[in-house]
């Protein structure tokens, strides 16, 4: 099963729609609740990052019998230093985004902690690509 979701930069009202829809689908498929929680946390963090930092983005979710693969591609400023961005608490969120309760610098670390495999690449001035894999038979503890 494949699903595509569009995310508009700055649209915090709709940020979370993809994770809500995927959660419903996974529940209908009787996926273990601990796995669902990990997928939803990782996907929600990715959605909010697009809303907070990019002009727009596309999320593709592929569900099969082995795993859930989430690909997030955004058109935005890109990340100049991925190692720095992966540090808990590091954030480039604007004051407005922080006032709304986002931008604590835990998005990328939370995504990594809730995935079985996490890849990130970014081109400054173009955007960022994330690939998040959560195995359906995961042995990883929920975070």
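The values are calculated or read from the model by the stated rules, or taken from the named source; none is laboratory data. Computed from a prediction, not measured in an experiment: that's the story for all the values here. Every residue, glycine as well, gets a Cβ built from its backbone with ideal geometry; the counts of neighbours run over all protein chains shown.
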Result of the Cβ filter at 8 Å on the range 23-40, keeping first residues that are on the phi > 0 side of the Ramachandran plot and touching a residue at least 12 places away in the same chain (Cβ under 8 Å) and partners that are part of a helix (DSSP H, G or I) and surrounded by fewer than 18 Cβ atoms within 10 Å (Cβ to Cβ), at least 6 apart or interchain, is none
Since residue 47 meets every condition but one in (1) within 18 Å of residue 134 (Cβ to Cβ); (2) out of contact with any strand residue (DSSP E or B) (no Cβ under 7 Å at 6 or more places or on another chain), which condition does it not meet?
(2)
For the range 51-63, state whether one or more residues are in contact with a helix residue (DSSP H, G or I) (Cβ under 7 Å, 6 or more places away or on another chain), assigned to a helix (DSSP H, G or I), farther than 17 Å from residue 11 by Cβ and touching a residue at least 40 places away in the same chain (Cβ under 8 Å).
no
Scanning the range 4-22 residue by residue, those surrounded by fewer than 21 Cβ atoms within 10 Å (Cβ to Cβ) and free of Cβ contacts under 8 Å to residues at least 60 places away in the same chain turn out to be 4, 5, 6, 8, 10, 11, 13, 14, 16, 17, 20, 21
If a residue must be assigned to a strand (DSSP E or B), more than 19 Å from residue 10 (Cα to Cα) and either at pLDDT below 85 or out of contact with any helix residue (DSSP H, G or I) (no Cβ under 7 Å at 6 or more places or on another chain) (or both), how many such residues does the range 112-130 contain?
4
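This table checks each residue for (1) assigned to a loop (DSSP other than H, G, I, E, B); (2) surrounded by fewer than 16 Cβ atoms within 10 Å (Cβ to Cβ); (3) in contact with a helix residue (DSSP H, G or I) (Cβ under 8 Å, 6 or more places away or on another chain).
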| position | (1), (2), (3) |
| --- | --- |
| 46 | no, no, yes |
| 68 | no, no, yes |
| 80 | yes, yes, no |
| 89 | yes, yes, no |
| 93 | yes, no, yes |
| 110 | no, no, yes |
| 132 | no, no, yes |
| 137 | yes, yes, no |
Checked 37, 23 against criteria (under 19 Å from residue 110 (Cβ atoms), in contact with a helix residue (DSSP H, G or I) (Cβ under 7 Å, 6 or more places away or on another chain) and part of a helix (DSSP H, G or I)); the one match is 23
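This table checks each residue for (1) touching a residue at least 40 places away in the same chain (Cβ under 8 Å); (2) within 28 Å of residue 32 (Cα to Cα); (3) crowded, with 17+ Cβ neighbours inside 10 Å.
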position: 84; (1), (2), (3): no, no, no
position: 100; (1), (2), (3): yes, no, no
position: 104; (1), (2), (3): no, no, no
position: 117; (1), (2), (3): no, yes, no
